[in-house]
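Below: one structure, written as structure tokens.
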Amino acid sequence: MPAALSVSSLGKRYGRTVALDDVGLEVAPGELVGLLGPNGAGKSTLVKIVCGLVRPSAGRALVCGAPAGSREARRALGYLAELFRFPGWARAEEVLVLHQRLTGSDGGAAERAALLEQVDLLQARARRVEAMSKGMQQRLGIAQALVGSPRLLLLDEPTSALDPVGRRMVRELLERLRERGVAVLLNSHLLSEVELVCDRVAILSGGRVVAAGRPADLVHAGGVEIETADGVRRFERARRDEVPGLVAELVAAGERIYGVRLLTSSLEEAYLDAVGGRQDEDERRLTPDDAVAVPRGEAS
């Protein structure tokens, strides 16, 4: 089975501005990959190339083995843009009917009901978009991205308008999609959410992948904290295999031990280490393509 997404030596130039420079990325079936990076790093350009909305200057992108932008690739792809808008007069079910027609899905009423139930909107199927909260509209956007049972899902800030309950619902939905073999490329600034749900992350900066791997592999040890009767003792350079010796020394010295905690850096710290001082530079590199998000319907 081919990769859900395979990007190799991908490059994109806008005149003198290099938006992407020799980017490589692969997402396997059923894998959730987080795409991270500051504004202007090239994330939007990468996603639009995968959708077939922008042509690369170099390299290639394949969706389930088909060239990005081809009919086969579009049929295998679901997309939720960060800045999307549905007609205010349309009802939730009508939005899905429209996207079924755009994608050529023959799922009918059964598919619409199943998708609305997945995002907890089945009882609001007749509600107009203009009468929905921002969180409800966001969940409807996720439902439209799932029309046609795509094998690769591109989600751009899917939890940005959701409360904690809504974010948990999206995490649980993504986990169910993983079990069904659906691949997800998730673009988000909520690093805590990415750390909770993603199998791997790729960090873009300056149009290049500057770090990639499992979230647990990108963080590093930060020492050991031992809670004693006299307070918390911190050993900043200690490693996991040194814990028994440290505890034994403290006990021998008459200390009473109440707890031991291994300290690690967070994904946020790993992200800041990878991006370094390049965030301001990335923001100065913003291209015209970064300024506009195109809804999935216009890509189909």
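Bear in mind that the values in this text are calculations on the coordinates, not laboratory data. What you are looking at is a predicted structure, and each value in this text was computed from that prediction instead of being measured. Quick reminder, even Gly has a Cβ in these numbers, built from the backbone with ideal geometry, and neighbours come from all protein chains shown.
Show that you can apply the helix-only estimate: for the chain, add -39,500 (n - 2.57) for every DSSP H stretch of four or more residues, divide by all residues, and state [θ] at 222 nm to the nearest 500.
On the way: 12 runs with 105 residues, N = 300.
For the chain, the value works out to -10000 deg cm²/dmol.
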Exercise. Can you give the alpha-carbon Rg of the stretch 221-264 over 2.2 N^0.38 Å, where N counts its residues?
Worked result: 1.04
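Want the number for Asp106 to Arg55: 0.36 nm per residue separation, take away the alpha-carbon distance, what's left?
Working: separation 51, 0.36 × 51 = 18.36 nm, distance 2.97 nm.
Going from the current span to full extension adds 15.4 nm.
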Exercise. Efficiency by 1/(1 + (r/R0)^6): what FRET value for Arg176 and Leu272, r their Cβ-Cβ distance, R0 = 35 Å, to the nearest 0.05?
Worked result: 0.65
Exercise. Relative to the present Cα-Cα distance, how much length would full extension add between Glu72 and Ser8 at 0.36 nm per residue of separation?
Worked result: 21.1 nm
Exercise. Which lysines does Lys12 reach when only Cα atoms under 23 Å apart count, and residues fewer than 8 places away in its own chain are ignored?
Worked result: Lys43, Lys48
For this session: Could you check which residue among Glu31, Glu227, Glu72 shows the biggest mean-square fluctuation in a GNM of the chain with a 10 Å Cα cutoff?
Result: Glu227
Seminar exercise, completed: Candidates Ala274, Ala92, Ala253; GNM for the chain (alpha-carbon contacts under 10 Å) flags as most fluctuating Ala253
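Working out 0.36 nm times the residue gap between Ser149 and Thr17, then minus their Cα-Cα distance, what length gain in nm do you get to one decimal?
43.9 nm
Do any chymotrypsin sites (Phe, Trp or Tyr not before Pro) in the stretch 69-113 lie in a DSSP loop with no more than 12 other beta carbon atoms within 10 Å, and if so, which?
Details: sites: Tyr79, Phe84, Trp89; in loops: Phe84, Trp89.
In loop regions of the stretch 69-113 (DSSP not H, G, I, E or B), the sparsely surrounded chymotrypsin sites (Phe, Trp or Tyr not before Pro) are Trp89.
Sort 230-240, 142-152 by packing, meaning the average of other beta carbons within 10 Å per residue, with the highest value first. If you can, show how the numbers build up before the last one.
Working: 230-240: 11.6, 142-152: 22.5.
So the order, starting with the most tightly packed, is 142-152, 230-240.
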